[in-house]
1. Of the residues A330, A340, A324, A357, only one is of a type in the set (A, V, I, L, M), part of a helix (DSSP H, G or I) and either open to solvent by 50 Å² or more (accessible area, probe 1.4 Å) or within 30 Å of C81 (Cα to Cα) (or both); which?
2. Within the range 116-129, restricting attention to residues that are open to solvent by less than 60 Å² (accessible area, probe 1.4 Å) and touching a residue at least 12 places away in the same chain (Cβ under 8 Å), which residue is nearest to A171 (Cα to Cα)?
3. Can you run down the residue pairs with Cβ atoms below 7 Å, 6 or more apart or on separate chains, where the first is in the range 130-146 and in contact (Cβ under 8 Å) with a residue 24 or more places away in the chain and open to solvent by 30 Å² or more (accessible area, probe 1.4 Å) and the partner is assigned to a loop (DSSP other than H, G, I, E, B) and of a type in the set (S, T, N, Q)?
4. For the range 58-116, what are the residues that are closer than 30 Å to G14 by Cα and of a type in the set (D, E, K, R)?
5. Restricting attention to the range 99-115, and to residues there that are over 18 Å from T202 (Cβ atoms) and part of a loop (DSSP other than H, G, I, E, B), which single residue is most open to solvent (accessible area, probe 1.4 Å)?
6. Can you tell me which residue in the range 4-22 is most open to solvent (accessible area, probe 1.4 Å), limited to those that are farther than 20 Å from E135 by Cα and in contact with a strand residue (DSSP E or B) (Cβ under 7 Å, 6 or more places away or on another chain)?
7. Kindly list, by first and then second residue, each pair from a residue in the range 363-374 that is closer than 14 Å to E87 by Cα to a residue that is crowded, with 18+ Cβ neighbours inside 10 Å and polar (S, T, N, Q), limited to pairs with Cβ atoms under 8 Å and residues at least 6 apart or on different chains.
Amino acid sequence: MRGSRGRPHCVVVGAGIGGLAAALSLHEIGADVEILEAVREVRALGVGINLLPHAVRELDALGLRVELEARSVAPSLLLYCTRRGQEIWREPRGLAAGYPWPQLSIHRGVLQEVLLEAVTARIGTQALHLGHRLERVETGRDGCTAVLAGGSRVEADVVVAADGIHSAARAQWYPWEGALLWNGSLLWRGTAEADPVLDGRTMVWAGHPEQKFVGYPIADLDGGRQLFNFIAELRRPDSGLAAREDWNRLGSLEDFLPAFESWDFGWLDVPAIVRAAPATYLFPMVDRDPVPRWTFGRATLLGDAAHPMYPVGSNGASQAILDARCLADALARSEHPRQALLAYERQRLPMTADIVASNRRGGPEGVIDAVEQLAPQGFADIDTILSYEAREAIVRGYAAKAGFAARVVARQS
């Protein structure tokens with residue numbers, strides 16, 4: 001695609017995972033790219049996240065796989081357990097599950113660093129403008145304008161609003177949305193140095209509807225140790241802790257650790273790992289209802305700005321990366337920017353809306369909830385409580401909905 005002035009000039013708002021992936025993807029198709037970021041210093045915030053195989057496929061296409069694999073852990077097994085550590089379901093992950101690409105567990109800040117280093121090397125430092133906060137987007141027939149706080153204006157052929165869960169562009173187009181929707185659960189996230197859990201390549205998901213613990217390694221350290229990422233979740237619908245979402249909002253152990261004191265399974269000591277973390281970060285489980293459109297003229301939404309969803313099923317960062325690659329592909333194929341943005345929206349909006357809905361219903365961990373309801377005191381044989389076929393249907397159904405079933409990813413390779 002070529003705009004009226006030759007190479008299309010694309011302005012990406014936001015230097016998070018989605019924004020940086022979009023910038024790299026747009027640069028790859030020949031666009032001139034600028035990135036506007038509100039903060040004055042990009043810092044490696046957050047904790048661990050997972051990149052699903054179909055997202056790794058897209059990052060591999062950008063030439064980033066080797067660097068990412070060197071700075072992450074590729075899990076080969078996911079283990080679902082009860083609150084007592086009894087196994088409910090196990091399944092291979094990534095390459096072990098037959099995907100052409102691995103699943104990668106990585107610190108969010110490390111992923112952002114890898115993407116930012118690639119942007120700097122390929123597009124140049126001049127493309128990144130820090131301290132530029134978006135106020136609104138103005139769209140016209142032949143272009144659009146990012147209007148910044150303070151009144152300065154940046155003209156573009158296309159504006160991509162990847163400005164996160166508190167998107168200014170989305171708030172402009174949907175001013176009645178109000179606050180994010182909280183489901184009553186709170187998440188305490190952290191990372192701790194620890195000896196490997198089981199084989200050091202296993203993700204663990206344990207608990208019941210009111211309380212869950214998710215843990216997995218995100219880096220191999222010297223001396224055989226690992227950096228272990230965890231999420232401790234409690235249902236607290238009456239809590240006053242559900243304030244504004246922030247990657248760097250500190251949590252307090254006294255608010256959640258007492259509920260996990262008995263969660264020592266022998267092979268996993270939850271309270272010991274939590275205490276070993278230098279800090280925990282509090283995040284309410286929030287999302288928004290899907291909107292009917294992302295695209296307004298020559299401007300569109302991407303990532304959390306487009307489809308904020310519960311952090312269930314490892315989908316947040318992965319879906320933002322898929323957005324970025326789809327958008328670039330649409331621009332490369334289309335004769336006109338507006339045609340491209342609408343094609344991108346048609347492909348990505350319905351799929352992500354389905355994932356938002358699936359996450360609200362519980363995602364793949366619904367198998368834990370089902371067993372808790374049937375056998376709250378534990379069991380001697382899981383197959384007498386819930387058959388293999390029934391457990392498989394819960395887990396596999398979510399994978400198909402989120403677009404990362406192995407047969408689907410393999411077909412797209």
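The values are calculated or read from the model by the stated rules, or taken from the named source; none is laboratory data. The model shown is predicted, which means the values in this text are computed figures rather than measured ones. Using ideal geometry, Cβ is built from the backbone for each residue, glycine included, and neighbour counts are taken over all protein chains shown. To get the accessible areas, we keep the full protein, side chains included, count just its heavy atoms, and leave off ligands, DNA and RNA. Shrake-Rupley method; radii C 1.70, N 1.55, O 1.52, S 1.80 Å.
1. That would be A357, the only listed residue that is of a type in the set (A, V, I, L, M), part of a helix (DSSP H, G or I) and either open to solvent by 50 Å² or more (accessible area, probe 1.4 Å) or within 30 Å of C81 (Cα to Cα) (or both).
2. Here the answer is H129.
3. D142/S4
4. E58, D60, R65, E67, E69, R71, R108, E113 - these are the residues of the range 58-116 that are closer than 30 Å to G14 by Cα and of a type in the set (D, E, K, R).
5. By that ranking, first place goes to P100.
6. Among residues in the range 4-22 that are farther than 20 Å from E135 by Cα and in contact with a strand residue (DSSP E or B) (Cβ under 7 Å, 6 or more places away or on another chain), the one most open to solvent (accessible area, probe 1.4 Å) is R7.
7. Listed pairs, sorted by first residue: I368/T82; V371/T82; E372/T82.
Let's see how each residue does on (1) in contact (Cβ under 8 Å) with a residue 40 or more places away in the chain; (2) within 19 Å of A168 (Cβ to Cβ); (3) surrounded by fewer than 20 Cβ atoms within 10 Å (Cβ to Cβ):
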site	(1), (2), (3)
I35	yes, yes, no
E41	yes, no, yes
L51	yes, no, no
V56	yes, no, no
